[in-house]
Amino acid sequence: MAQIELILLQRVEKLGQMGEVVKVRPGYARNFLLPQKKALRATKDNLARFETQRIELEAQNLKRREEAERVAERVAGLSVTIIRQAGESGSLYGSVSARDISDACGESGLSIHRAQVVLEHPIKTLGLSPVRVMLHPEVSITVAVNIARSPEEAEKQLRGEAVGAAAEAQAEAEATATDADQAA
């Protein structure tokens, strides 16, 4: 299938930097890059218009990146807690999605859109999970997401204690070890 040439108006991860002319599949261009104004079709008119606006676009990009870097410094090490129901094995009855994480970040003082949360796959187990948040195409932070059944369990997880079935197995192993020590 023929590919379409586009001029990138901002950095796009795994594709290129601002100003580069790239070839992409038509669906990616039509459904993502063009509607979100991340790229222009690479026609002679658009190339000329981009070159005249390049300095202005780079200045806007630099300003947005500096703002994102200031926010990243302010919220470095952010940790959010999400309370969910889960089974005894620690698997959630649902999953934690990008929307849940963006809402929790909003409650903690960092207002982000769910599209800025980068999840490889939904989180389906209890515990601590590092999640990447893109504040700008060139600036990202890592948010520690603590998923627990109760606030008390969340505090235990933050201290590094095992919870749920893992805690029971650890307690049982310790009890067996102390029984063996007493028998010897």
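Structure summary
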read-out: From the options Glu161, Glu152, residue that is out of contact with any Ser or Thr (no Cβ under 6 Å at 6 or more places or on another chain), in a loop (DSSP other than H, G, I, E, B), without any contact (Cβ under 8 Å) to a residue 12 or more places away in the chain and exposed (fewer than 14 other Cβ atoms within 10 Å of the Cβ); value: Glu161
read-out: Condition check for Gly19: surrounded by 14 or more Cβ atoms within 10 Å (Cβ to Cβ) and touching a Gly at 6+ places or on another chain (Cβ under 8 Å); value: no
read-out: Residues located in the stretch 40-86, provided they are under 26 Å from Lys23 (Cα atoms), surrounded by 13 or more Cβ atoms within 10 Å (Cβ to Cβ) and of a type in the set (A, V, I, L, M, F, W, C); value: Leu40, Ala42, Leu47, Phe50, Leu57
read-out: Any hit, the stretch 122-131, residues being under 30 Å from Lys63 (Cβ atoms) and either in the same structural domain as Lys38 (by TED's automatic domain parsing) or of a type in the set (Ser, Thr, Tyr) (or both); value: no
read-out: Members of the stretch 85-107 that are in a helix (DSSP H, G or I), among the charged types (D, E, K, R) and under 18 Å from Glu153 (Cβ atoms); value: Asp100
read-out: Some residue of the stretch 94-102 being farther than 21 Å from Thr142 by Cβ, of a type in the set (Val, Ile, Thr) and either under 17 Å from the mean Cα position of the chain (by Cα) or exposed (fewer than 14 other Cβ atoms within 10 Å of the Cβ) (or both); value: no
read-out: Selection within the stretch 1-44 - in a loop (DSSP other than H, G, I, E, B) and of a type in the set (Val, Ile, Thr); value: Thr43
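The values are calculated or read from the model by the stated rules, or taken from the named source; none is laboratory data. Note that the coordinates shown come from a computational prediction; the quantities given were computed from them, not determined experimentally. Cβ atoms come from the backbone with ideal geometry, glycine included; neighbour counts cover every protein chain shown.
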